[in-house]
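Asker: Below is one structure. I have some questions about it.
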Amino acid sequence: MSGVRVLVGTRKGAFVLTSDGKRERWGVSGPHFAGWEMYHVKGSRVDPHRLYASQCSGWFGQIIQRSDDGGKTWTQPGTPPGERTTPEGMPKGESNKFVYDTSAQTGKPLTTHQWYDGTQHPWEFKRVWHLEPSPTDPDTVYAGVEDAGLFRSTDGGQNWQELAGLRGHGTGPKWQPGAGGLCLHTIILDPKDPGRIYIAISAAGAFRTDDAGKTWRPINKGLHSQYIPDPNAEIGHCVHHVAMHSSRPNVLFMQKHWDVMRSDNAGDSWQEVSGNLPTDFGFVIDVHAHEPETIYVVPIKSDGEHFPLDGKLRVYRSRTGGNEWEALTKGLPQNDCYVNVLRDAMAVDSLDKCGVYFGTTGGQVYASANAGDSWTPIVRDLPAVLSVEVQTLP
Amino acid sequence: MIRVILPGHLRALARVTAEVQLDVKGPVTQRSVLDALEAQYPMLRGTIRDHVTQERRPFLRFFACEEDYSLEPPDTPLPDAVASGKEPLLIIGAIAGG
């Protein structure tokens, strides 16, 4: 019987939640890396035993962890226990080393971005927000980092190289940090075109490459943001998350700071589909596994009040690709609820009745085994949830 | 042998439960001790010093013999008591945060 593995990153460790295909009874393991911020944990689609995790700390910096047994054991790639060094005494890999590319060969990417006060500020590596394993090779994985940049490893996370064309294409001085920092938080690998990658940055916008990361262009036409001098500018939009259904890689759905948007032409242009949402501020957005026009968001009151409207935690579902939304409330708290749902904290499984999962800053992970019609908390009292990913296991 | 006491999170990362002991060649300084530490426990590279600049991470401090050596140049000799193994070098996480 098939099963589900939910990978949860929290402020104080990672947790692995497992169930069979019924999704009624759950096992909980963790905390893994107790006390560390676990920004993201994600598994490979081609090798479900292979997981990557971003572990970080304001004191000790960035650590990359890898599991080859579905989260039972973990190692830093290149430095497994008992094989710490090469005969020369050096680490076998440098899995924690993210160094921005400043070489002339890659175009000497610009080294400053806009700071909160409008002045220019040097690029400084802080952490990995998102890890995106390749859909075809378990040893290839992409990392979206703060300050915004895109890195790739082709050796299972042992060594990382920046895809410097993203910062090198010239708009970097206009990128500015959002409240969470200048983070590259969304990476979408086109399942049909290996050269095409979408990324999104807060607060710069969305970008696309069609040549596997050598060159990039902003894809923000149609976005409108009142918090930048020119609301329709090409650069500066605070995109919170972007989602795609694998069967239609040209159709993208976006939760912007404010506004829910969609594009039907690979991001060349966007239109607003907020429709009847009670508020269109939010962080997460995701797509049903089998219905490419069914999408989910969790509306949040405002940019100044990061909690659900009226204290009611409601997922909104549109079966029409936006504009027409219905509130999903069964099993979710409908009074005095003031948690947030962060941008990487929603995911779906691919079982027959699509499962939908999301985590809150209050430490709850909710699951729906019926595409959102009803919800049950798998766990209620974890540390604040930063990310949720799901693996559907054979 | 040089004795180093790590913060709890770094002990977990290095998979050690107590203080670590290091064989340091030549003068015993912050730099030589950290070089030896990272060679023996490569998973700690980047967690105490920046990968590229080799500067101390801002929220870490180096204490020894009831003194703060955090702001000393990295090639300044550490106290004789540290060099002889009588006293440990303590790597401390700043109290900031929670």
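Asker: Would you confirm whether any residue within segment A:215-223 is of a type in the set (Gly, Ala, Ser), within 28 Å of A:SER302 (Cα to Cα) and more than 18 Å from the chain's Cα centre (by Cα)?
Answerer: Within segment A:215-223, one or more residues are of a type in the set (Gly, Ala, Ser), within 28 Å of A:SER302 (Cα to Cα) and more than 18 Å from the chain's Cα centre (by Cα).
Asker: Also: Picking from B:ILE2, B:ILE91, which residue would you name as being within 14 Å of chain A (Cβ to nearest Cβ), crowded, with 16+ Cβ neighbours inside 10 Å, under 30 Å from A:GLN65 (Cα atoms) and in contact (Cβ under 8 Å) with a residue 24 or more places away in the chain?
Answerer: None of the other options fit; the residue is B:ILE91.
Asker: Right, another one. Looking at segment A:308-343, which of the residues that are charged (D, E, K, R) and touching a residue at least 12 places away in the same chain (Cβ under 8 Å) is farthest from A:VAL287 (Cα to Cα)?
Answerer: A:ASP336
Asker: In addition: Working only within segment A:18-47, note down all residues that are within 14 Å of another protein chain (Cβ to nearest Cβ), within 20 Å of the chain's Cα centre (by Cα) and in a strand (DSSP E or B).
Answerer: A:HIS32, A:GLU37, A:MET38
Asker: Here is a check on your reading of the model: is A:THR136 within 20 Å of the chain's Cα centre (by Cα) and surrounded by fewer than 18 Cβ atoms within 10 Å (Cβ to Cβ)?
Answerer: Against the criterion (within 20 Å of the chain's Cα centre (by Cα) and surrounded by fewer than 18 Cβ atoms within 10 Å (Cβ to Cβ)), A:THR136 qualifies.
Asker: So which residues in segment A:33-56 are surrounded by fewer than 22 Cβ atoms within 10 Å (Cβ to Cβ) and over 25 Å from A:LEU189 (Cα atoms), if there are any at all?
Answerer: Selection gives A:ALA34, A:GLY35, A:GLU37.
Asker: Any idea which of A:LEU166, A:LEU252 is crowded, with 22+ Cβ neighbours inside 10 Å and modelled with pLDDT of 95 or more?
Answerer: So the residue among A:LEU166, A:LEU252 that is crowded, with 22+ Cβ neighbours inside 10 Å and modelled with pLDDT of 95 or more is A:LEU252.
Asker: Is it fair to say B:ALA81 is among the small types (Gly, Ala, Ser) and touching a helix residue (DSSP H, G or I) at 6+ places or on another chain (Cβ under 7 Å)?
Answerer: Spelling it out, it is not the case that B:ALA81 is among the small types (Gly, Ala, Ser) and touching a helix residue (DSSP H, G or I) at 6+ places or on another chain (Cβ under 7 Å).
Asker: Give the residue that is nearest to the other protein chains (Cβ to nearest Cβ), with candidates limited to residues of segment B:35-50 that are more than 14 Å from A:PHE60 (Cα to Cα) and of a type in the set (A, V, I, L, M).
Answerer: Here the answer is B:ALA39.
Asker: Among the residues of segment A:193-228, which ones are within 17 Å of A:THR140 (Cα to Cα) and surrounded by fewer than 24 Cβ atoms within 10 Å (Cβ to Cβ)?
Answerer: A:ASP193, A:PRO194, A:GLY195, A:ARG196, A:TYR198, A:ASP211, A:ALA212, A:GLY213, A:LYS214
Asker: Kindly evaluate A:GLY331 against the criterion of being under 23 Å from the mean Cα position of the chain (by Cα) and either part of a loop (DSSP other than H, G, I, E, B) or surrounded by fewer than 21 Cβ atoms within 10 Å (Cβ to Cβ) (or both).
Answerer: The answer is no for A:GLY331.
Asker: Shifting gears a bit: Which of the residues belonging to segment A:181-217 are in a loop (DSSP other than H, G, I, E, B) and in contact (Cβ under 8 Å) with a residue 40 or more places away in the chain?
Answerer: A:LEU182, A:ASP190, A:PRO191, A:LYS192, A:ASP193, A:PRO194, A:ARG196, A:ALA203, A:GLY213, A:LYS214, A:THR215, A:TRP216
Asker: Taking the stated definitions as given, is B:ARG31 in contact with a Pro (Cβ under 6 Å, 6 or more places away or on another chain), assigned to a helix (DSSP H, G or I) and away from chain A (no Cβ under 14 Å)?
Answerer: yes
Asker: For B:GLY8, state whether it is in contact (Cβ under 8 Å) with a residue 24 or more places away in the chain and under 30 Å from A:TRP160 (Cβ atoms).
Answerer: Against the criterion (in contact (Cβ under 8 Å) with a residue 24 or more places away in the chain and under 30 Å from A:TRP160 (Cβ atoms)), B:GLY8 does not qualify.
Asker: Also, I was wondering about something else. Could you check how many residues of segment A:7-31 are buried (at least 20 other Cβ atoms within 10 Å of the Cβ) and closer than 24 Å to A:LEU184 by Cβ?
Answerer: Qualifying residue count, segment A:7-31: 5.
Asker: OK, next. Within segment A:48-60, track down each residue that is in contact (Cβ under 8 Å) with a residue 60 or more places away in the chain and either over 20 Å from the mean Cα position of the chain (by Cα) or part of a strand (DSSP E or B) (or both).
Answerer: A:TYR52, A:ALA53, A:SER54, A:CYS56
Asker: If A:GLN105 satisfies all but one of (1) at pLDDT 95 or above; (2) assigned to a helix (DSSP H, G or I), what's the number of the condition it fails?
Answerer: Evaluating A:GLN105 over (1) at pLDDT 95 or above; (2) assigned to a helix (DSSP H, G or I) leaves (1) as the failure.
Asker: Could you tell me which residue of segment A:34-84 is modelled with the lowest pLDDT, considering only residues that are among the basic types (Lys, Arg) and under 19 Å from A:LYS97 (Cβ atoms)?
Answerer: Once the filter is applied, the top-ranked residue is A:ARG84.
Asker: Please go through segment A:360-370 and give me each residue that is under 21 Å from A:LEU277 (Cβ atoms) and surrounded by 21 or more Cβ atoms within 10 Å (Cβ to Cβ), ordered by number.
Answerer: A:THR360, A:TYR366, A:SER368
Asker: Assuming A:GLY311 fulfils every condition listed in (1) farther than 13 Å from A:THR294 by Cβ; (2) touching a strand residue (DSSP E or B) at 6+ places or on another chain (Cβ under 9 Å) apart from one, which condition is it?
Answerer: Result: A:GLY311 fails condition (2) only.
Asker: Moving to a separate point now. If we scan segment A:143-160, do we find a residue that is touching a helix residue (DSSP H, G or I) at 6+ places or on another chain (Cβ under 8 Å) and more than 28 Å from A:SER67 (Cβ to Cβ)?
Answerer: No, segment A:143-160 contains no residue that is touching a helix residue (DSSP H, G or I) at 6+ places or on another chain (Cβ under 8 Å) and more than 28 Å from A:SER67 (Cβ to Cβ).
Asker: Looking at B:LYS25, B:LYS86, which one is part of a loop (DSSP other than H, G, I, E, B), within 12 Å of chain A (Cβ to nearest Cβ) and without any contact (Cβ under 8 Å) to a residue 12 or more places away in the chain?
Answerer: The conditions single out B:LYS25.
Asker: I've got another one for you. What are the residues in segment A:66-76 that are at the interface with another protein chain (Cβ under 10 Å from one of its Cβ atoms) and not in a loop (DSSP other than H, G, I, E, B), if any?
Answerer: A:THR75
Asker: Still on this model: Say we look at segment B:51-81 and pick out the residues that are touching a Pro at 6+ places or on another chain (Cβ under 7 Å) and surrounded by 14 or more Cβ atoms within 10 Å (Cβ to Cβ); which of these is farthest from the other protein chains (Cβ to nearest Cβ)?
Answerer: Among residues in segment B:51-81 that are touching a Pro at 6+ places or on another chain (Cβ under 7 Å) and surrounded by 14 or more Cβ atoms within 10 Å (Cβ to Cβ), the one farthest from the other protein chains (Cβ to nearest Cβ) is B:CYS65.
The values are calculated or read from the model by the stated rules, or taken from the named source; none is laboratory data. Only a predicted model underlies this, so the values are computations on that prediction, with no experimental measurement involved. Neighbour counts run over all protein chains shown; Cβ positions are idealised from the backbone, glycine included.
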